[in-house]
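The values are calculated or read from the model by the stated rules, or taken from the named source; none is laboratory data. Everything numeric here is computed off the predicted structure, so don't read it as measured data. Cβ atoms come from the backbone with ideal geometry, glycine included; neighbour counts cover every protein chain shown.
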């Protein structure tokens, strides 16, 4: 396996790879085999974040002057380098995050697609012209870069999520400080190196590795005009509170407790395919993962007869094992949270029908787990698990199913399986969720559609799609008398 180069273990500030000011490091472990130490990456402090903002602030004006079309050329060049280095990125994602090589390669492809779409949008960063109320006057709107932005990203998509923040930030004319999860530092370092090799000017994109301290420093720095964060609800709430006193613009994509509804007339085979993919793909570690199946009692047993053999046949193993279906969860804390949630659910009256234990292996493996007889208002039906744990909840028809689906505080994704065209479209109105699916898996998104949630799953502008410019730019209006 390839190893990170020595410089990739550091931060990247103002065009150079530099050690952290703290002098301390954090081990990056393979969650499928904790004996595999990938590297000792920088454990940065607040001073490193301030230095990164210094560089970004100095680079802001010359980067703005280039204009969006020229700025997009760097994004396109970096995308081609990521394509050329797809094997290296795939290995890095699998080795430090744990997902299967097929899923990792899919993430690389998705990242490149997002970059190409975003670069193309550089020619459409338009405003509008409108009639003026006075004669001989032109009224118009246009967009300006927000400024220096802090980009705080999670470990579950260590390439795609940084990409869908970095690419629009740069095209919009912002300069950026990327603070990735301390669990996936290598992939982020490779991403920044791709931009360096694409010729990106120093200071435009800076990388600060580490955990809480540099993230808090970014939120507190008055020169940071916006913070885009993907992660847990409690951390997102803390960012929002910390930035509120200075009116910090935030883009927060938070948790999910996503429902897949199976009505009595559903195609059960298609529903089972979607459930297995949505609940157990990437070990359930997606914000849009299928965490709850809400099934009409009339087809409950028939659905379980199809579903359980599929789940019990899933094999846990390393992401680079071609015979494995499910990789590890990301660390011991996540594994313990999954197993504790199952134990609490059983104590609350749920029936454990498969899984529920740590799977064998030198890493953090959790057996694919299905719980039935889950009360819609119990903890496991309401709180995010972020692992391969599925709750099956019974319902009586469409109205009851939708009531249960909307009973949680989150609203990331909603999915329904039915043959009734009226209910297909009615569900789009009734789901309290940002990304909706009918008769297809409830995971996955297109680069040109908004990636966003509702309720406690989202605050601020969507990610991806043309709507992303509402975060990275300010809208201005102008009236010109002639």
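Couple of notes before you dig in:
- Just one of the listed residues (167, 172) is more than 20 Å from the chain's Cα centre (by Cα) and closer than 17 Å to residue 472 by Cα, namely 172.
- Of the residues in region 337-356, at least one is over 22 Å from the mean Cα position of the chain (by Cα), free of Cβ contacts under 8 Å to residues at least 12 places away in the same chain, within 23 Å of residue 33 (Cα to Cα) and part of a helix (DSSP H, G or I).
- Residue 28 vs. criteria closer than 13 Å to residue 201 by Cα and either free of Cβ contacts under 8 Å to residues at least 40 places away in the same chain or surrounded by 16 or more Cβ atoms within 10 Å (Cβ to Cβ) (or both): no
- Selection of region 446-460 for residues being assigned to a strand (DSSP E or B) and touching a residue at least 60 places away in the same chain (Cβ under 8 Å) yields 451, 458, 459.
- Taken across region 235-248, residues that are in contact with a strand residue (DSSP E or B) (Cβ under 9 Å, 6 or more places away or on another chain) and assigned to a strand (DSSP E or B) do not occur at all.
- Exactly one residue out of 274, 279, 259, 264 is over 22 Å from the mean Cα position of the chain (by Cα) and either in a strand (DSSP E or B) or not assigned by TED's automatic domain parsing to the domain that holds residue 160 (or both), and it is 264.
For (1) within 19 Å of residue 114 (Cβ to Cβ); (2) in a strand (DSSP E or B); (3) in the same structural domain as residue 81 (by TED's automatic domain parsing), each residue gets a yes or a no:
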| position | (1), (2), (3) |
| --- | --- |
| 127 | no, no, yes |
| 143 | no, yes, yes |
| 151 | yes, yes, yes |
| 163 | yes, no, yes |
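- From 304, 252, residue being assigned to a helix (DSSP H, G or I) and within 30 Å of residue 335 (Cα to Cα): 304
- Only listed residue being assigned by TED's automatic domain parsing to the domain that holds residue 402, farther than 30 Å from residue 134 by Cβ and in a loop (DSSP other than H, G, I, E, B), chosen from 432, 426: 432
- If the condition is being outside any strand (DSSP E or B) and touching a residue at least 12 places away in the same chain (Cβ under 8 Å), then region 323-336 contributes 324, 325, 327, 328, 329, 330, 331, 332, 334, 335.
- Exactly one residue out of 215, 210 is within 21 Å of the chain's Cα centre (by Cα), part of a loop (DSSP other than H, G, I, E, B) and closer than 29 Å to residue 40 by Cα, and it is 210.
- If you go through region 423-450 and keep only what is out of contact with any strand residue (DSSP E or B) (no Cβ under 8 Å at 6 or more places or on another chain) and farther than 23 Å from residue 162 by Cα, you end up with 425, 426, 429, 430.
- Count of region 381-423 residues, restricted to those that are without any contact (Cβ under 8 Å) to a residue 40 or more places away in the chain and part of a helix (DSSP H, G or I), is 5.
- Unique residue being in contact with a helix residue (DSSP H, G or I) (Cβ under 8 Å, 6 or more places away or on another chain) and more than 22 Å from residue 183 (Cβ to Cβ) when the list is 353, 346, 329, 366: 353
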